[in-house]
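Nothing in this text is a laboratory measurement; each read-out follows from the coordinates by a stated rule. What you are looking at is a predicted structure, and each value in this text was computed from that prediction instead of being measured. Backbone-built Cβ (ideal geometry, glycine too); neighbour counts: all protein chains shown.
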Amino acid sequence: MKRIRGYLLSAVLLVCVAWSVTQIIRKFEIVRQTNLLDFDVNSIELVLLSHLLVVVIGVVLIIDICLIGGPSILKELLWPMRRPVSLVMAAIACTPSIETATSVVVVQSQELPANALLSPSIAAAALRDILKKRREQVRNMSTPTMLSDSEQDVLLQLVKAADSGNVCELSIQHNAFPKEVQALLIAVDRTVPDVLTESVRPDENWSLVLQVFGYPRVMNRAGEVAHFEKKRALELVTWMALNRERSRRSAARTAMWDDDVADATFSTVVSAMRRGLGAIDNSITATDWAPPTYSDELLLNSQITTDENLIAHSLRQFRADARELGGLMAYLPWVRDVPFAGTAYSWADLDGTTTRLVILALTASREVATWAVEHGDMEALGVAVSAGLRVMPGDEELLRLQSSFLQTVREATVHSVA
């Protein structure tokens with residue numbers, strides 16, 4: 001009877017050891033690329049260490065069982081590792097795999113627990129991959145789609161994980177990331193054929209405009225620029241204006257702050273934003289620029305528009321009727337620099353906002369410049385080329401159009417003189 005029980009226990013131990021060995025092999029790529037000697041011990045390393053202990057203890061216990069009736073000296077040496085270690089091993093062997101833990105937490109919280117599952121170095125590697133994709137989209141003029149709420153949550157959790165400790169340079173294949181991160185990387189690659197994907201029609205009675213091409217600023221129709229007591233107030237109105245469809249307090253706080261921000265701090269920033277907007281337009285009360293709510297919703301008055309909306313709407317009108325060039329001639333000079341110049345709005349670079357803005361400005365500039373060359377309109381060409389080169393210095397298409405126009409002018413001058 002004792003021998004049968006020993007065989008059964010040996011079989012169970014062999015299963016545990018085999019399962020732990022497979023887990024170690026599956027995560028070998030991450031283990032190989034992670035610095036195991038640093039002080040940044042993450043959960044992946046702890047789980048893998050647990051599996052290694054399972055293998056060692058399992059082998060020891062199997063030897064112990066096989067020594068039933070064997071040399072007494074070895075049995076005495078292995079005796080301390082019998083019952084207590086068996087309980088510890090059972091607990092360790094029940095440790096869920098990394099993928100299982102991820103799926104369970106996501107179902108409960110709707111967020112990727114990146115801080116728990118990813119080391120800062122691995123999260124930073126994923127973010128570098130995303131930024132590389134964004135740069136490629138600009139070069140290819142491929143407009144990225146908006147990320148969904150769940151994808152935004154995963155992205156923001158990656159940012160927090162990357163900021164939570166020391167980072168070393170890693171090169172990781174996509175299939176080595178957790179499934180939620182792999183899905184995010186696929187979502188980042190989604191593009192649409194045209195920068196004008198939706199019907200954008202700003203309020204014709206807008207009072208204030210947020211200009212995001214260059215250092216962000218809010219201006220009224222008279223040209224007065226709003227001044228905010230806190231820089232976060234300017235970032236908040238920028239985020240709200242560009243994320244109206246998902247403008248929630250929780251989303252804004254997660255995007256703008258790396259750590260949890262106190263309710264009082266966020267309320268102070270909202271109040272500073274209202275005062276700054278109300279100072280240059282008193283047509284409504286300061287509170288009405290961002291009406292208070294008793295929910296997570298964060299509202300921004302519709303009388304605030306953006307230069308993005310104005311340029312996009314004017315481009316749509318120009319495409320429908322080239323005689324409607326006036327809008328683009330008025331708004332392209334507002335393209336002062338690359339979007340968000342002089343700021344550190346990481347959320348804009350990562351979620352594709354900066355990419356979409358650059359592509360919009362370049363598309364509008366190129367189409368106006370092409371029309372100007374065909375119709376010999378030097379003023380329109382100058383406005384378009386100047387705006388496009390401010391947002392993308394050295395753009396070859398704009399320089400080619402400018403060179404073509406100047407060559408045509410020179411040839412016309414030679415013929416007229418002759």
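Points worth noting:
- Residue 343-residue 221 pseudo-label distance in nm [points 7 Å out on the Cα-to-Cβ vector]: 2.5 nm
- Ordering of 202-215, 288-301 by packing [mean C-beta count within 10 Å, highest first]: 202-215, 288-301
- Amide H within-cut-off set for residue 306, under 5 Å, with H built and near neighbours excluded: 210
- Under-5 Å amide H pairs with residue 143, H placed in peptide plane, nonlocal only: 192
- Close amide-amide hydrogen proximity is noted between residue 351 and no other residue 5 or more places distant or on a separate chain, at a cut-off under 5 Å (H modeled in the peptide plane; Pro and chain starts excluded).
- The modelled label-to-label distance for the pair residue 317/residue 263, using points 7 Å beyond Cα in the direction of Cβ, is 4.5 nm.
- Stretch gain in nm, segment residue 189-residue 4, where the contour uses 0.36 nm per residue and the Cα spacing is subtracted: 60.8 nm
- Here the 3J(HN,Hα) profile of the range 357-368, calculated from phi with Karplus coefficients 6.51, -1.76 and 1.60 at θ = phi - 60°, is 5, 4, 5, 4, 5, 5, 4, 4, 5, 5, 5, 5 Hz, Gly and Pro shown as x.
- The phi torsions of the range 292-302, fed into the Karplus equation with coefficients 6.51, -1.76 and 1.60 and a -60° offset, translate into couplings of x, 10, 10, 9, 6, 5, 10, 9, 10, 4, 5 Hz, rounded to whole numbers, with Gly and Pro shown as x.
- Backbone geometry of the range 378-394 corresponds, through the Karplus equation with coefficients 6.51, -1.76 and 1.60 at θ = phi - 60°, to 3J(HN,Hα) couplings of 5, 5, 5, 4, x, 5, 5, 5, 4, 5, x, 6, 6, 8, 9, x, x Hz, x marking Gly and Pro.
- Separation of the residue 141 and residue 279 label points, Cα + 7 Å toward Cβ, nm: 4.1 nm
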